[in-house]
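Asks: Here it is, the structure, as structure tokens.
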Amino acid sequence: MRMGTAMVAFGVVVMATAAFAQDAPPPKPTSTGTGYVEYSLAASAPKQTHEPRFGVVMLGGHGDVDEATAFFCEHSGGGKIVILRASGDDDYNQEFHEKCPANSTTTIVFSSREASEQPWVIQQLHEAHAIFIAGGDQSNYIKFWKGTSVQKEINAAIARGVPIAGISAGLAVEGEFIFASMIDTVTTEQALANPYDIHVTLEKDFLDIPQLRGVITDSHYSARNRMGRSVVFAARIVQDGWAKQVHVMGIDETTAVLVEADSTARVVGKGAAQIFALDAHAIITCVAGKPLAAWRITGYRAAAGATLNLKTWTAAPSSGFAVDVYDGSLRMTADVTE
């Protein structure tokens with residue numbers, strides 16, 4: 001979701017004094033084009049590349065996860081990592097340059113929709129061995145990419161087995177369903193009080209990741225108390241007829257879920273992933289202007305070290321929970337056995 005401060009994605013925490021941050025000049029782009037700037041670095045230790053192996057890296061934000069870096073690099077098979085973002089500059093280039101020495105890196109920073117039809121931009125995605133979607137504001141990704149050649153080329157890369165990663169706002173757009181944040185973010189309290197609050201803006205059919213069909217994701221999950229709003233997102237998707245059932249995955253900060261092509265996954269990092277499913281039987285009231293009411297939504301909390309099965313939507317080891325929502329308040333019962 002929205003990130004007003006710079007975020008460290010994978011393996012390197014960059015620390016600077018306030019004075020240095022104020023005095024340091026902005027990095028110089030490698031080149032500029034219509035609606036974008038780009039920054040590129042050659043591989044520090046290039047090797048013979050091989051075909052990428054598909055996988056999905058889902059990062060909850062605000063922290064380094066070394067296992068995620070290793071997974072991403074290994075699945076790339078070497079070659080070019082393309083970093084997509086709509087704010088910031090080249091900081092991911094240096095991280096991947098150090099942690100993935102066999103990979104070159106190209107960061108493309110979008111400032112308008114026009115960039116998404118530029119031949120050079122499309123060519124970078126066509127050549128990518130791995131694609132990383134940075135944090136920031138996911139509404140810009142929707143506005144700049146949806147319905148363009150960039151969206152088409154990302155999905156073509158996924159189809160040919162290129163691994164894809166997303167952190168925070170990048171994580172938000174990985175599922176079939178998306179909290180789009182088109183009118184700023186929304187809190188759990190706002191969403192539960194009115195599922196049709198103007199800030200509850202949802203999108204669908206953006207990226208086509210087979211393992212995440214029928215899924216909506218959320219980041220910074222425990223730190224920002226996002227369970228309630230994700231229940232609302234799922235209820236809205238079902239109530240509005242987009243799906244009969246929705247699967248939700250909320251990922252904590254400094255935590256990642258690493259998904260293989262066969263839909264098995266593992267949780268790594270310092271926190272946990274929480275998963276649950278919601279269908280029409282759980283919804284009591286989901287209408288405009290009234291608090292959400294729902295009952296007996298069951299799921300799992302899977303800490304680092306757990307494995308997930310995204311076909312059966314189960315986790316082991318894990319602790320179960322049940323969620324009920326009445327009068328806009330969420331009540332969770334832990335250690336529930338179905």
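What follows is calculated from the coordinates using simple rules that are stated; it is not laboratory data. All of these numbers come straight from a predicted model, not from anything done at the bench. Using ideal geometry, Cβ is built from the backbone for each residue, glycine included, and neighbour counts are taken over all protein chains shown.
Asks: By average Cβ neighbour count within 10 Å, what is the ranking of 123-133, 163-173 from highest down?
Replies: Averaged packing, sorted descending, gives the order 163-173, 123-133.
Asks: Let me check the size of the range 215-338 from its C-alpha atoms; what are the radius of gyration and Dmax in Å?
Replies: 14.0, 42
Asks: Same structure, new question: Report the extension gain between Thr285 and Met332 in nm, rounded to one decimal, defined as 0.36 nm multiplied by the number of residues separating them, less their alpha carbon distance.
Replies: Roughly 15.1 nm would be gained on extension.
Asks: Across the range 160-295, what fraction of all alpha-carbon pairs, as a whole percent, falls in each successive 10 Å bin from zero upward?
Replies: Each 10 Å bin holds this share of Cα pairs: 12, 46, 33, 9, 0.
Asks: Additional query: Against the empirical 2.2 N^0.38 Å scaling, what ratio does the C-alpha Rg of the chain come to?
Replies: Here the answer is 0.97, to two decimals.
Asks: Extent of the range 7-174 along each principal axis, from alpha carbon coordinates, in Å, largest to smallest?
Replies: So the three principal-axis extents are 45, 34, 28 Å.
Asks: Now for a separate question. Go ahead and estimate [θ] at 222 nm for the chain from helices alone: -39,500 (n - 2.57) per DSSP H run with n ≥ 4, summed, over the residue count, rounded to 500.
Replies: Rounded to the nearest 500, it is -6500 deg cm²/dmol.
Asks: If you don't mind, there's one more thing I want to ask. Using Stokes-Einstein with the Kirkwood hydrodynamic radius over Cα pairs, what translational diffusion coefficient do you get for the range 102-239 at 25 °C and a viscosity of 0.890 mPa s, in µm²/s rounded to a whole number?
Replies: The Stokes-Einstein estimate is 156 µm²/s.
Asks: Which percentage, to the nearest 5, of the DSSP beta bridges contained in the chain is antiparallel?
Replies: Around 70 percent antiparallel, to the nearest 5.
Asks: Roughly how many Å is it from the Cα centre of the range 137-169 to that of the range 197-256, as a whole number?
Replies: 17 Å
Asks: If the limit is 22 Å between Cα atoms, which of Lys204/Lys244; Lys146/Lys311; Lys143/Lys204; Lys244/Lys270; Lys152/Lys204 go over it?
Replies: Distance filter (> 22 Å) returns Lys146/Lys311; Lys244/Lys270.
Asks: So which lysines pass the test for Lys47, namely a Cα distance under 22 Å, with those fewer than 8 places away in the same chain ruled out?
Replies: Candidates past the 8-residue exclusion: Lys80, Lys99.
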